[in-house]
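**Student:** Below is one structure. I have some questions about it.
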Amino acid sequence: MFDLHYWQQRVARQTFIDTALIGGRPVSAASGATFDAINPATHQLLARVAACGDAEVDLAVRSARQAFDTGPWRRMSPVERKKILIRLSELLMTHREELALLDSLNMGKPVMDAYNIDVPGAANVFAWYGEALDKLYDQVAPTAHNALATITREALGVVAAVVPWNFPLDMAAWKLAPALAAGNSVVLKPAEQSPFSALRLAQLALEAGIPEGVLNVVPGLGESAGKALGLHPDVDCLVFTGSTQVGKYFMQYSAQSNLKQVWLECGGKSANLVFDDCQDLDLAAEKAAFGIFFNQGEVCSANSRLYVQRSIHDEFVERVIAKARAWMPGDPLDPGSAAGAIVDSEQTARIMRAINQAQGEGAKLLAGGEQVSMNGSSNFIQPTIFAEVTGDMQLSRDEVFGPVLAISAFDTEEQAIQQANDSVYGLAASVWSDGLNRAHRVARALNVGTVSVNTVDALDVAVPFGGGKQSGFGRDLSLHSFDKYTQLKTTWFALR
């Protein structure tokens, strides 16, 4: 059904939302300010989108507050909210092609990845939290016979959600679904590189039956719209996925304003440990390449550090190099492309600086390392592999957020664990071993939020996702994410 020509025809017919959506209505920036939404794969201008600032953020927060205080959403029965969230999930799948195309055009990912992975994933998240709603129970505490103490979960109020550009629709769903399911109102700020699917999602939410004002979307720059949300005194909670540097800003904004709750999912530098008792080295090599080159390496939990036991190092590295050839970038609209464009010229330049610095520090370049130009854009980078990367090199310490793999050898299990844990990040890791005791031992010793054994980057809506150290705190997905969007209330009844 799908080919390059099909998607090109869809591009020609596609329209783009260029305003905020506040209180169920389109709103332009009062200042008249806009920012350019550029297709990174072609450098073509897609739209000039309203650049929201303090005025629009304040309007959106007031709209969300009014909807929370006086509207029907949080007062609906769980069954009613469930039906609406499941309806929204169905609408996402109905508009699957459009949403996939919007994310591909915005940030350069292969359109078929968005179609086959991102949109169904987002739809599943809304359906899962809708289904979870009427299966959550409050508690009764043990008390003396003349008292009754109940412990109930209540919605927080107004939640601000600031999401990144690498998985625009998915990251919005990860925040919105549990926040809305719990009965909150939300102000969503998508990344300025990728506003379109969030704005379309808000329209579909209205169609599904979410009342006006419950979900507001304010596109804009981080230093204006994002900062305004972080400092707003009537935001009860702010959730963020993005860089560690920006996450620290939001912590500061909370302290400078109303001590709003802040939940952060920040950067990562995930380690992938391959031991010599791994029996399927070909699968391990295939997954190692996938773990760093999928989505152009623009994944917070990307397995960007590969540690291989010395006895199998050379053989395994050759296998990884061979697997990397399948990840050469191509036109994102071509269904045959495994990788697409880097999100913009700024990020492309940042990745190339990291590659050049690694070479300057003495890392051995084994594959890639070059930009590729096509369709008038040079925002394409070959899958890049470095070996002989030492712990003091910047490539082993800093998040590149691109298709760049750093390989190091280790001799002992203890050395592998030490190297993996030698990072300011603590988001994820992978372990390849067919020794049951070793797999358990090493997984327990790794200071990260998720350890994937004999696979990479294992993920499901039913299990929590998040990390520690400078990767942030709090968890997305699973029932545990409700902890971010609710507060506990104790009600004590003195009985006569």
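**Student:** Would you list Asp457, Asp138, Asp392 from the most to the least accessible area, probe 1.4 Å? Let's see the in-between values first.
**Tutor:** Details: Asp457 55, Asp138 95, Asp392 125 Å².
Largest accessible area first, the list is Asp392, Asp138, Asp457.
**Student:** Another question, if that's okay. Tell me the Kirkwood radius of the stretch 169-214: reciprocal of the mean inverse pair distance over distinct alpha-carbon atoms, in Å. Don't jump to the answer; show the numbers that get you there.
**Tutor:** On the way: mean 1/r = 0.0912 Å⁻¹.
Value: 11.0 Å, from the Cα pair sum.
**Student:** Pairs of alpha-carbon atoms within less than 8 angstrom and 6+ residues apart define the contacts here; what relative contact order does the stretch 202-345 have, in percent?
**Tutor:** 17
**Student:** Sticking with this one: Suppose only helical runs count, i.e. DSSP H with n ≥ 4. What mean residue ellipticity at 222 nm does that imply for the chain under -39500 (n - 2.57) per run, divided by all residues and rounded to the nearest 500 deg cm²/dmol? Write out the running numbers ahead of the final one.
**Tutor:** Details: 15 runs with 179 residues, N = 496.
When only DSSP H runs of four or more count, the value is -11000 deg cm²/dmol.
**Student:** Would you mind telling me the antiparallel percentage of the DSSP bridges in the stretch 319-406, rounded to 5?
**Tutor:** Working: 6 of 10 bridges.
Looking only at bridges with both residues in the stretch 319-406, the antiparallel portion is about 60 percent.
**Student:** Determine one quarter of the surface area of the Cα convex hull of the stretch 24-176, which equals its mean projected area, and express it in nm² to one decimal. Mind dumping the intermediate values first?
**Tutor:** Details: hull surface 48.7 nm².
It is 12.2 nm².
**Student:** Turning to a different aspect of this structure: Relative contact order of the chain: what whole-number percent is it, with Cα pairs under 8 angstrom and at least 6 residues apart? It would help to have the intermediate numbers written out before the result.
**Tutor:** Values: 1159 pairs, mean separation 88.6, N = 496.
For the chain, the relative contact order is 18 percent.
**Student:** Here's a follow-up. Pull up the cross-link candidates among the lysines for Lys484, meaning alpha carbon to alpha carbon under 26 Å and not fewer than 8 places away within one chain.
**Tutor:** Partners within reach: Lys82, Lys83, Lys135, Lys175, Lys189, Lys227, Lys248, Lys260, Lys269, Lys469.
**Student:** Subtracting the Cα-Cα distance from 0.36 nm times the residue separation, let me have the gained length for Ser31 to Asp134 in nm, one decimal. Intermediate values should be presented prior to the final figure.
**Tutor:** Working: separation 103, 0.36 × 103 = 37.08 nm, distance 4.39 nm.
Fully extending the segment from Ser31 to Asp134 adds 32.7 nm.
**Student:** Further question: How much of the pair distance distribution for the stretch 185-334 lies past 27 Å, counting alpha-carbon pairs only, in percent? Mind showing how you got there, number by number?
**Tutor:** Details: 5204 of 11175 pairs.
Value for the stretch 185-334 (Cα pairs over 27 Å): 47 percent.
**Student:** What net charge is computed for the residues neighbouring Val57, neighbours being all others with C-beta under 15 Å from the C-beta of Val57, Lys and Arg scored +1, Asp and Glu -1?
**Tutor:** Details: positive: Arg62, Arg65, Lys189, Lys227, Lys260; negative: Asp54, Glu56, Asp58, Glu192, Glu223, Asp234, Asp236.
Once all neighbours under 15 Å are counted, the net charge is -2.
**Student:** Still on this structure: Let me check against my output: what whole-number percent is the relative contact order of the stretch 1-115, with C-alpha pairs under 8 Å and at least 6 apart? Working shown, then result.
**Tutor:** On the way: 101 pairs, mean separation 25.2, N = 115.
With pairs under 8 Å counted, the relative contact order is 22 percent.
**Student:** Rolling a 1.4 angstrom probe over the protein chains, ignoring ligands and nucleic acids, what is the accessible area of Leu264 in square angstrom, nearest 10?
**Tutor:** Near enough 10 Å² of accessible area.
**Student:** Sticking with this one: About its Cα centre, what dipole magnitude does the chain give when the only charges are +1 on Lys and Arg Cβ and -1 on Asp and Glu Cβ, stated in debye to the nearest 20? It would help to have the intermediate numbers written out before the result.
**Tutor:** Working: 41 positive and 54 negative charges, 318 e Å.
Computed about the Cα centre, the dipole is about 1520 debye.
**Student:** Please list, or write none, the aspartates and glutamates whose alpha carbon is within less than 17 Å of the alpha carbon of Lys364, excluding same-chain residues fewer than 8 places away.
**Tutor:** Partners within reach: Asp314, Glu315, Glu318, Glu388, Asp392.
**Student:** Something else about it: If I model a spin label at Trp492 and Glu361 as a point 7 Å from the Cα along the Cα→Cβ vector, what separation in nanometres do I get?
**Tutor:** 5.6
**Student:** Over the chain, what portion of Cα pair distances is larger than 42 Å, expressed as a whole percent? Walk me through the intermediate numbers first.
**Tutor:** Details: 23042 of 122760 pairs.
Of the Cα pairs, 19 percent sit more than 42 Å apart.
**Student:** What is the log10 of I(q)/I(0) for the stretch 100-151, computed with the Debye formula using one identical point scatterer on each Cα and no solvent, at q = 0.21 Å⁻¹?
**Tutor:** The Debye formula, applied to the Cα set alone, gives -0.78.
**Student:** Next up: If you take every DSSP beta bridge fully contained in the chain, what fraction is antiparallel? Give it as a percent rounded to 5.
**Tutor:** On the way: 33 of 71 bridges.
Counting DSSP beta bridges with both partners in the chain, the antiparallel share is about 45 percent.
**Student:** Over the stretch 311-428, how many percent of alpha carbon pairs lie in each 5 Å bin up to the one with the longest distance?
**Tutor:** 2, 11, 19, 20, 20, 15, 8, 4, 1, 0
**Student:** I would also like to ask the following. Go through Leu477, Leu436 and list them by solvent-accessible area, largest first, probe radius 1.4 Å.
**Tutor:** Details: Leu477 5, Leu436 120 Å².
Sorted by accessible area, descending: Leu436, Leu477.
**Student:** Now for a different question. Just add up the charged neighbours of Leu45: K/R +1, D/E -1, any other residue whose Cβ is under 12 Å from the Cβ of Leu45.
**Tutor:** With Lys, Arg at +1 and Asp, Glu at -1, the neighbours total -1.
**Student:** Leaving ligands, DNA and RNA out of it, work out the accessible area of Leu221 with a 1.4 Å probe and give it in Å² to the nearest 10.
**Tutor:** My reading of the accessible area for Leu221 is about 60 Å².
**Student:** What does the stretch 340-496 give for Rg and for Dmax, in Å, if only its C-alpha atoms count?
**Tutor:** Cα-based Rg and Dmax for the stretch 340-496 come out at 20.7, 80 Å.
The values are calculated or read from the model by the stated rules, or taken from the named source; none is laboratory data. Since we're looking at a predicted model, the values are computed, not measured. With ideal geometry, Cβ positions are generated from the backbone for all residues, glycine too; neighbour counts draw on all protein chains shown. Each accessible area value is taken on the protein alone, full model and side chains, heavy atoms only, with ligands, DNA and RNA left out. Shrake-Rupley method; radii C 1.70, N 1.55, O 1.52, S 1.80 Å.
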